[in-house]
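Take a look at the structure below.
Any read-out appearing in this document is the output of simple, stated calculations on the displayed coordinates, not a laboratory observation. Fair warning: this is a prediction, and the values are worked out from it, not measured in the lab. Note that we place each Cβ from the backbone using ideal geometry, even for glycine, and neighbour counts take in every protein chain shown.
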Amino acid sequence: MAAYSLISTVFHSSPTFSPLSSFPNRKPSTLSLSKSPSPALLLRRTPLPILSLLRHNSDSSSSSETPSSSSSSSSSETPSSSSSSSETPSSSSSSALNSFLVLCTSVALSLSLFVADVDSAAAFVVTSPRRLQSDELATVRLFQENTPSVVYITNLAARQDAFTLDVLEVPQGSGSGFVWDKQGHIVTNYHVIRGASDLRVTLADQTTYDALVVGFDQDKDVAVIQVDAPKDKLRPIPVGVSADLLVGQKVYAIGNPFGLDHTLTTGVISGLRREISSAATGRPIQDVIQTDAAINPGNSGGPLLDSAGNLIGINTAIYSPSGASSGVGFSIPVDTVSGIVEQLVKFGKVTRPILGIKFAPDQSVEQLGLSGVLVLDAPATGPAGKAGLKPTKRDAYGRLILGDIITSVNGTKVTSGSDLYRILDQCKVGEKVTVEVLRGDHKEKIPVVLEPKPDES
């Protein structure tokens, strides 16, 4: 159809093959294809050198005919008219040659249309490249640069088959983590690896490695594992600072929610200096970052980044009755994480001081109309037992005798267990502190030397 249209155009034109030259008042016919632009439009859009050459030859031919005709007319006035008769075959042969060239060009273009994919008109449409806003480009760049540092962690537990008694490794959970250094250390949450008989880490290039536990801190929900991977595959994440964060600044969370690897969510810092309890021990975690970036199951252990792509926290928990993201997520600040990770990598443990007591829930003390921490047990081998703190006990008749109630440590008032933990986090092992207790109806100050946990010594 395209070939027929082009050929018919050729043969309906003037000998010079310029339709507008022979028929000035005639409008050019409109040619169309079902799913492609008109050939005339293609000829106009396609800068072919041969067409330019043909136009040039046609114009030169027509221009050459004008002087030729004038000369012939002038020569006709003279007796000699042989020159005019000699130009007629030459002009006819030139016109035939031009006709043949244009016909060949038309056939070639028609064949090229059939060979090309003309089913889609989009083939002839030039689309402009996708343009993104500056903030979108920054987000895309941040994700591309930090994705290689985020890993996918699978928690495997050993289970015995009830029928065959075979021991199998069954995935019991998954989470996220990020590369800390070139030695293969990976930081994540403790609850991601808790109870695992085996751990597997999947890097950004989908290669999987077995991981070993280097150490963990249950109280702060931080753990460090290590993989034996080539250094060129390990890209440590840039570590930032969380002390100067502001409410309202943008943050970005990368993780593996519901097993969907490397998912990016964005939000802002909704609050600072929040306090949550450790999922393992119930010990409070202070200065937690609150964000509205979507954090779902599987995001635990993933990084929280600022707009510069620096690590400012570890995504650890959400506040949601349904278990899914409700716009209230929490991240452990990087300033807290850095000190813990350094101790875990160097010593394999975190040396944190304790008083060596067990205390009653805060609600029990409030019901008694008192304020402070009620000591339930103080083993004689622990720091408080050695210092002489008295636990709660029953007398020979079964009556309850309250133990000491801690009201302050080093002059700082204590009204709950969280207050006591917060004070101890600022102390060091071997430090002597002054504990003020309410014993009976009077107060006493007792010096206590802090010691590490028995399983960390």
Size of electric dipole in region 337-398: Cβ of Lys, Arg +1 and of Asp, Glu -1, about Cα centre, debye, nearest 20: 300
Excluding K413 itself, what net charge comes from residues whose Cβ is under 13 Å from its Cβ, given Lys and Arg +1 and Asp and Glu -1? 0
What order, most packed first, do the peptides 222-233, 305-316 have when packing is the mean number of other Cβ atoms within 10 Å of each residue? 305-316, 222-233
Coil-residue trypsin sites (Lys or Arg not before Pro) of region 319-421, DSSP, other Cβ within 10 Å capped at 13: R399
Determine the dipole magnitude for region 353-452: charges of +1 sit on the beta-carbon of Lys and Arg, -1 on that of Asp and Glu, nothing else is charged, the reference point is the Cα centre, and the result goes in debye to the nearest 20. 220
Within region 190-223, the residues whose backbone N lies under 20 Å from a label point placed 7 Å from the Cα of T281 along the Cα-to-Cβ direction are 190-196, 213-223
Using the reciprocal of the averaged 1/r over all distinct C-alpha pairs, how large is the Kirkwood radius of region 249-347 in Å? 13.6
Residue by residue through region 277-293, the couplings from Karplus 6.51 cos²θ - 1.76 cosθ + 1.60 with θ = phi - 60°, in Hz, x for Gly and Pro, are 9, 5, 5, 8, 10, x, 6, x, 10, 8, 6, 6, 8, 9, 9, 9, 5
Residue-ordered couplings for region 263-268, obtained by feeding phi - 60° into the Karplus form 6.51 cos²θ - 1.76 cosθ + 1.60 and rounding to whole Hz (Gly and Pro as x), are 10, 9, 10, 10, x, 10
How far, in nm, would the chain grow between A108 and D135 when pulled straight, counting 0.36 nm per residue and subtracting the alpha carbon separation? 4.8 nm
One finds the C-alpha centres of region 358-432 and region 251-292 to be spaced, in Å, by 31
Of the residues S307, G329, S418, the Cα lying farthest along the dipole of region 300-457 towards its positive end, which is defined by charges on the beta carbon of Lys, Arg, Asp and Glu, belongs to S418
Just grab the label-to-label distance for L97 and T208, each label 7 Å out from Cα along the Cβ direction, in nm (one decimal). 7.5
Virtual spin-label span in nm between K231 and L370, 7 Å along Cα→Cβ: 5.9
What shape does region 356-439 have by the C-alpha gyration tensor, where a ≥ b ≥ c are the square roots of the eigenvalues, rounded means a/c under 1.5, and otherwise prolate means a/b greater than b/c and oblate the rest? oblate
For region 404-419, Karplus-derived ³J(HN,Hα) couplings (6.51, -1.76, 1.60; θ = phi - 60°; whole Hz; x for glycine and proline) come out as 5, 10, 6, 10, 6, 9, 6, x, 8, 5, 10, 10, 7, x, 5, 4
Once Lys and Arg are counted +1 and Asp and Glu -1 for all other residues with Cβ under 14 Å from that of V214, the total becomes -3
Add +1 for every Lys or Arg and -1 for every Asp or Glu among the other residues with Cβ under 10 Å from the Cβ of V150, and state the total. 0
